[in-house]
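Asker: Got a structure here, written out as structure tokens. Questions coming.
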Amino acid sequence: MTDNPGARPDADRVRSTVAGLMPGLLTDLQALVSIPSIAFPGFPPEPVHAMSGAVVDLFRRSGIDDVRLLEIPGGYPAVYADVPGPAGSPTVLLYAHYDVQPAPVQGWDSDPWVATRKDDGRIYGRGASDDISGLVIHAGTMQALAGRLPVGVRLLVEGEEETISHLEDYVEANPELFACDAFVIADMGNQEVGRPALTTALRGEVSCTVRVRTLDHPVHSGLFGGAAPDALVSLIRILATLHDEQGNTIVQGVTTGDWPGADIDEDGYRESSGLLDGVDLVGTGSLASRLWSKPSATVIGIDAPTVQEASNVLLPEATAKVSMRIVPGADADHELEALMGHLRSAAPWNVIVEVEKVKVGWPFAADMSGPVLRTASEALEAAFGRPAEQIGSGGSIPLVATLKKVAPTAAVLLWGAEDLALSRIHASNESVDPREIEDMVVAQVLTLMGLAGTQVATG
Ligand SMILES: [Zn+2]
């Protein structure tokens with residue numbers, strides 16, 4: 001690698017350095033997969049603590065001597081380090097998470113807690129992709145740049161990304177620890193292996209409950225049914241107004257648009273979503289628009305008698321929880337008000353409707369004009385040998401909004417080795433392709449080298 005971090009980075013030399021690091025990085029990844037660090041309530045805390053210790057050890061071996069655990073009140077510790085760069089250089093915060101999803105044995109072809117390399121070259125195991133690959137990309141980046149870090153680096157590897165996180169409150173209470181010029185969030189992925197992408201948009205999520213009341217108490221459906229309205233039937237009618245015949249979400253006043261970047265391959269989407277044969281896709285417009293730039297409302301729960309306990313009565317009361325993904329750039333408070341207003345106004349027969357706010361999660365849209373995303377885009381092209389595309393993500397990362405509060409001018413870079421086509425994050429047979437990790441380490445090293453000495457704050 002070049003001794004002058006301001007010089008044009010030498011991609012080939014970075015590539016060979018990283019290639020030499022890969023066997024060690026994969027050994028670390030495989031060891032970490034064996035620790036079931038599930039931070040969900042009800043799961044044992046010991047493996048989560050064992051994992052946080054193992055991650056500290058990995059980064060210490062990667063050249064960060066003073067990496068440490070931050071005690072997060074009410075939650076699991078986060079792995080943190082603050083490594084100064086050359087005078088005047090920008091600071092980059094590298095984010096990943098070490099907690100993983102649970103792995104019910106059903107559906108797995110190999111033990112989820114034993115990293116298993118298969119003939120397709122991929123490594124299978126819970127967390128191999130989400131997000132152990134992300135923290136290994138950061139470790140590889142630090143190893144490749146050891147002793148000649150071109151920028152300041154802050155490391156943040158949290159332990160509660162998959163569950164109720166206590167990190168956001170901690171970040172708001174300790175903003176000085178997280179100030180930086182760029183956030184690099186390695187918890188995303190390309191559409192498929194070898195096809196580099198920057199995630200430039202995240203949908204947000206808002207939710208509310210809607211409760212319908214029609215009667216003072218349950219009454220016999222034979223004696224009363226046909227004239228008095230049933231609460232569950234009324235609720236179903238309200239919920240049915242959220243979509244049109246084609247399945248588009250139609251909430252008055254909610255932002256919608258067309259995705260300007262790459263589209264999504266329909267066969268790949270059908271495969272990765274597990275859509276059953278013969279079942280139609282819903283919505284209209286390009287697949288990318290439906291997933292990344294149009295709203296999508298879902299009924300995620302209903303309180304009503306189960307089929308088992310059903311009896312022949314008119315129900316006096318029923319409640320549903322409605323969640324709506326909202327588009328990048330939208331005002332989350334406004335979108336939730338629109339959803340709640342829609343639900344209230346859709347009530348038939350003057351039934352009594354109470355709508356309550358549950359959650360407001362803001363969407364994210366990257367500013368592509370700044371130097372960080374430009375540098376990253378060039379680095380991806382150099383690492384993968386083809387131009388990077390811009391993709392969105394239907395998922396939300398609430399932490400992004402919190403980080404933007406403590407560093408409003410910082411750029412946010414979202415990428416990683418969790419390829420959409422095959423990695424099956426959160427599902428059975430989760431896996432990662434080691435080539436993707438290698439190329440992402442190269443891209444990340446080149447990005448940090450490219451940012452050295454640049455004025456990155458976008459204002
Ligand atoms: Zn993740």
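Please treat every number below as a calculation from the coordinates, not as lab data. A quick note: this is a predicted structure, and the numbers were derived from the prediction, not measured. Because the Cβ atoms are built from the backbone with ideal geometry, glycine has one as well, and the counts that use them run over all protein chains shown.
Asker: What is the sum of charges, Lys and Arg at +1 and Asp and Glu at -1, for the other residues whose Cβ falls under 11 Å from the Cβ of Val360? Show your work: numbers first, answer last.
Answerer: Details: positive: Lys357, Lys359; negative: Glu205, Asp331, Asp333, Glu335, Glu337.
After counting each charged neighbour, the total is -3.
Asker: I've got another one for you. Could you give each residue of the stretch 432-438 its phi-based ³J(HN,Hα) in whole Hz, using Karplus coefficients 6.51, -1.76, 1.60 with θ = phi - 60°, and x for Gly or Pro?
Answerer: Those phi angles translate into 9, 9, x, 4, 5, 4, 4 Hz.
Asker: Then there's this: Could you pull out every residue, at least 5 positions away or on a different chain, whose amide H is within less than 5 Å of the one on Thr199? Hs are placed 1.01 Å off N in the peptide plane, and Pro or chain starts have none.
Answerer: Answer set, sorted by chain and number: Ile391, Leu414.
Asker: Also: So which aspartates and glutamates can Lys321 reach, going by Cα to Cα under 19 Å and dropping same-chain residues fewer than 8 places off?
Answerer: Glu205, Asp230, Asp303, Asp333, Glu335, Glu337, Glu354, Glu356
Asker: Separate question: Which residue, Leu167, Ala87, Val105, has the largest displacement toward the positive end of the dipole of the chain when charges sit on each Cβ (Lys, Arg +1; Asp, Glu -1)?
Answerer: After comparing all options, I get Ala87.
Asker: Taking amide H atoms as placed 1.01 Å from N in the peptide plane, list the residues 5 or more away in sequence, or in a different chain, whose amide H sits under 5 Å from that of Val83.
Answerer: Val153, Arg154, Leu155
Asker: According to the square roots a ≥ b ≥ c of the eigenvalues of the Cα gyration tensor, what is the shape class of the stretch 1-151, taking rounded for a/c under 1.5, prolate for a/b larger than b/c otherwise, and oblate for the remainder?
Answerer: Here the stretch 1-151 falls in the oblate category.
Asker: Another one. Convert each backbone phi in the stretch 303-317 into a coupling constant with the Karplus relation 6.51 cos²θ - 1.76 cosθ + 1.60 (shift: θ = phi - 60°), then list the ³J(HN,Hα) values in order as whole Hz, x for Gly and Pro.
Answerer: Karplus values, whole Hz, x for Gly and Pro: 8, 7, x, 6, 4, 4, 9, 5, 9, 7, 10, 7, 7, x, 8.
Asker: Relative to the Cα centre, what is the charge dipole magnitude of the chain, using +1 at the beta carbon of each Lys and Arg, -1 at the beta carbon of each Asp and Glu, and rounding to the nearest 20 debye?
Answerer: Details: 31 positive and 61 negative charges, 99 e Å.
So the magnitude is around 480 debye.
Asker: Using only the alpha-carbon atoms, how far is helix 332-345 inclined from the longest principal axis of the chain? Give it as 0 to 90 degrees, nearest 10.
Answerer: The angle comes out at about 10 degrees.
Asker: Next up: Can you list the lysines whose alpha carbon sits under 21 Å from that of Lys404, skipping same-chain ones fewer than 8 residues off?
Answerer: Hits, sequence-local ones excluded: Lys359.
Asker: Relative to the longest principal axis of the chain, what angle (0 to 90°, nearest 10) does the C-alpha long axis of helix 45-61 take?
Answerer: Tilt relative to the chain: about 30 degrees.
Asker: A follow-up question, please. Can you tell me the dipole magnitude for the stretch 383-459 around its Cα centre, using point charges on the Cβ only (Lys, Arg +1; Asp, Glu -1), in Debye to the nearest 20? Walk me through the numbers on the way to the answer.
Answerer: On the way: 5 positive and 8 negative charges, 80 e Å.
Using only the charged Cβ atoms, the result is roughly 380 debye.
Asker: In degrees between 0 and 90, to the nearest 10, how far off the longest principal axis of the chain does helix 11-33 point, with axes built from Cα atoms?
Answerer: Rounded to the nearest ten degrees, it is 50.
Asker: How big is the dipole moment of the stretch 260-363 about its Cα centre under a simple scheme where the beta carbon of each Lys and Arg is +1, that of each Asp and Glu is -1, and everything else is neutral? Debye, nearest 20, please.
Answerer: Values: 8 positive and 16 negative charges, 52 e Å.
The dipole magnitude comes to about 260 debye.
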